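J.: Here it is, the structure in full.
Just so you know, all these numbers are worked out from the coordinates, no wet-lab data involved. Just so you know, these numbers come straight off a predicted model, no measurement behind them. Ideal geometry is used to build each Cβ from the backbone, glycine not excepted, and the neighbour counts take in all protein chains shown.
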Amino acid sequence: MDLKTIQSEVTEAFLDGFRFEKAERDAYSEFAYPRHWKMMRFNTERYRVPGYGHFFTMLTDTIFGMKLLTCSFMPGEGVSVPYLLIDMMTVGKKRTVFVEYYDCTADHPELPELSRVAERYAMLANYAEKPAWYIGERTDDSLIKAGRKPDDETLTAMIHDSVAAYRAAVDATCGGDTDSSLAEQNRSGLLAFRERMVTEGNPSSSVMNRVFGQEGAKDFFTQCVMPL
């Protein structure tokens, strides 16, 4: 799996047809850990999407041969769709792909597009996770999958199909009039979930704490990964 190519393809697929503003480069755009030895290099891209919220990607390259790509789809303007987090990792011939939906909405809409994708890729092997608080917060449509190099084509298709289904759900929601009361409730739900991600931890917490320190990691998460 070429994660840099997937980063470009996911970005293009999600933003296609949207008005968007790309963030100017700053200290969060490119950084490394440790600062001098650069064992891990991080490159991020951030977009504001009026009518939806924000979109973020982070590509991580390590000297150990491990590569990671994170894509965060943050419906921060209160539209009734889940928060979507996609994480991909390759190391040697091993692959893991997480497509995680967190429904922070007040109305909890049914989204058959997401269910159809989940059913389509149910045959892929599930990744055995360690217990964590956020696992129980995911919707049933989430896909937590593991594979090896021969599975690259199928896992890549799963990513693209998931983004297409999510974008279709966003389009259906963003197309009508926005209920300001519902939007505010949805934003409150996102805010509460984000606070838990910061205080109770998320998959990248330990790494970001090393890179930026605890307060800096919190700023990075709230300003870049899940901005409101």
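J.: If R0 is 45 Å, what FRET efficiency do you get for Arg41 and Glu119 from their C-beta distance, rounded to 0.05? Please list the in-between numbers first.
T.: Values: r = 37 Å, r/R0 = 0.83.
Rounded to the nearest 0.05, the efficiency is 0.75.
J.: In the chain, which helices (entire DSSP H runs) extend 30 Å or more along their own long axis, judged by Cα positions, while averaging at least -1.0 on the Kyte-Doolittle scale?
T.: Numbers: long enough: 152-174 (33 Å, 0.26).
Span-like helices here: 152-174.
J.: Sequence gap at least 6, Cα distance under 8 Å: using those rules, report the relative contact order of the chain to the nearest whole percent. Mind dumping the intermediate values first?
T.: Values: 374 pairs, mean separation 44.6, N = 228.
Relative contact order here is 20 percent.
J.: Given the stretch 64-201, what percent of its DSSP beta bridges are antiparallel, to the nearest 5?
T.: On the way: 25 of 25 bridges.
Antiparallel bridges: around 100 percent, rounded to the nearest 5.
J.: Right, something else. Put +1 on the Cβ of each Lys and Arg and -1 on the Cβ of each Asp and Glu in the stretch 159-211; which of Ala164, Pro203, Ser188 then has its Cα farthest toward the positive end of the dipole?
T.: Pro203
J.: Hey, what's the Cα Rg ratio for the stretch 158-211 versus the globular rule of thumb, 2.2 N^0.38 Å?
T.: Values: Rg = 15.7 Å, N = 54, 2.2 N^0.38 = 10.0 Å.
So the Cα radius of gyration is 1.57 times the expected 2.2 N^0.38 Å.
J.: Calculate one ³J(HN,Hα) per residue across the stretch 31-41 by plugging θ = phi - 60° into the Karplus curve 6.51 cos²θ - 1.76 cosθ + 1.60, and present them in order as whole Hz with x for glycine and proline.
T.: Each residue's phi maps through the Karplus curve to give 7, 9, 9, x, 4, 8, 8, 6, 6, 10, 10 Hz.
J.: Same structure, new question: Against the globular-protein guess of 2.2 N^0.38 Å, express the Cα radius of gyration of the chain as a ratio, rounded to two decimals. Walk me through the numbers on the way to the answer.
T.: Working: Rg = 16.9 Å, N = 228, 2.2 N^0.38 = 17.3 Å.
So the Cα radius of gyration is 0.98 times the expected 2.2 N^0.38 Å.
J.: Expressed in nm², what is the orientationally averaged projection area of the convex hull enclosing the Cα positions of the stretch 4-122? Spell out each step's value before the answer.
T.: On the way: hull surface 35.9 nm².
That works out to 9.0 nm².
J.: Just how large is the dipole of the stretch 3-225 about the Cα centre, in debye to the nearest 20, putting +1 at every Lys and Arg Cβ and -1 at every Asp and Glu Cβ?
T.: Details: 26 positive and 33 negative charges, 258 e Å.
Dipole size: approximately 1240 debye.
J.: Taking the Cα-to-Cβ direction at Ser206 and at Gln223 and moving 7 Å from each Cα, how far apart do the two end points lie in nm?
T.: It is 2.6 nm.
J.: Name the most mobile residue of Tyr47, Tyr101, Tyr33, meaning the one with the largest mean-square fluctuation, in a Gaussian network model of the chain with Cα contacts below 10 Å.
T.: It is Tyr33.
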